[in-house]
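Let me begin by presenting the structure, written as structure tokens, before commenting on it.
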Amino acid sequence: MVATVAPGKASGSVVFPNKVLRAGTTYKLEWHTAEDGLAIKRISESPSFEVVSRKVENNRMIVALKKKIQELEGDIQKKNSEVWEWKKENQGKLVTLETLKRQNMAKIATLEKLFHESQRKLLTGERKVKTMRSEIDSLKSNLHETKRELQKRVASVTDLQGVIEIQQKTHRSEVKSLKEEIGRLKNQEPRRKRGREDEDPEILPGTSVKASWKHSEKSYHATVYAINADGTFHLIYGDNDEWPNCPRHAIKEITARPKKAKTEKTGALKVGTPVKAQKNSGTEWIHAEVFSVNDCGTYHVIYADSTEWEKCPRSKIKITP
């Protein structure tokens, strides 16, 4: 039983055995029936209606929250079960993914190592390129200096060539004059007798003869190709064999002399005669000039390109018309 002590019915407070009640305060009364009537067993303060209502509402909310928590726990258990099932189903995939992850990490580490190595090589290459460019610039500078020095030397050589050409022309003119003087003096000298050589008939290039072949005693037909400085003869035999230094005693007989019609082409030439001549190793006829006449029957010719052949045979020379 709950009762409220109303103010005004008692001044101060109502006194129960061992209990003092305050006015305006709600108390909870517990009693029991005694022989002499109702007897109060326990008196305790009772909360107000608002407090009770709030407590009831809180209890209801607590119950709802507990129910929601139970539902959530059920959902969590269900989700955990689903996760466990998924893990069990995808365990192989997870292992594979972990393996791939480790492999990829190893590849990444290798690639990073290669990248750093490439960067190092690139830096080394850039340094080498820089060094090579410096060397190239130095070489270009040296080449430029060398080119300028070479141009100076070429200019000097050109000047020197001009001087040499002038000196050569002067020398040739002097030699020509000396040769002409020597020829004139030789013509003025009385002819000396030289034993059998003066008695021998004159053998000129183009003369047909019979001569032995080196150490053989038999004679063969041959043609005198040229007369050497030592008095020997260059013979070409009928079978095209040659004896470049055939001695005079090997020529046994003169069978035919050059015809007069050919004398102008194969006969003696004078110093200064304009001619066409072949070079030692060529077949082309080049304009030239007889510079001197040698004692062996050859000629010193100077070609139009300023080259010379000091012992050009008569067969390599023809008179220009």
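What the table shows:
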| quantity | calculated |
| --- | --- |
| Selected residue (criterion: farthest from E180 (Cα to Cα)) from residues of the range 273-285 that are touching a strand residue (DSSP E or B) at 6+ places or on another chain (Cβ under 7 Å) and surrounded by fewer than 14 Cβ atoms within 10 Å (Cβ to Cβ) | N280 |
| Test set (1) modelled with pLDDT under 90; (2) crowded, with 17+ Cβ neighbours inside 10 Å - A288 fails condition number | (1) |
| Subset tally (residues that are closer than 19 Å to L204 by Cβ and surrounded by 12 or more Cβ atoms within 10 Å (Cβ to Cβ)) for the range 291-314 | 13 |
| Wholly within the range 273-312, strands (runs of 3 or more DSSP E) carrying at least 2 residues that are among the aliphatic types (A, V, I, L, M) | 274-277, 286-293, 299-303 |
| The lone exception for E264 - which of (1) within 18 Å of T298 (Cα to Cα); (2) modelled with pLDDT of 85 or more it fails | (2) |
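Each row is one residue, and each column tells you yes or no for (1) exposed (fewer than 10 other Cβ atoms within 10 Å of the Cβ); (2) modelled with pLDDT of 80 or more; (3) basic (K, R).
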residue	(1), (2), (3)
Q151	no, yes, no
V157	no, no, no
K176	no, no, yes
V209	no, yes, no
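The values are calculated or read from the model by the stated rules, or taken from the named source; none is laboratory data. All values derive from a computational prediction rather than experimental measurement. Every residue, glycine among them, receives a Cβ derived from its backbone with ideal geometry; neighbour counts consider all protein chains shown.
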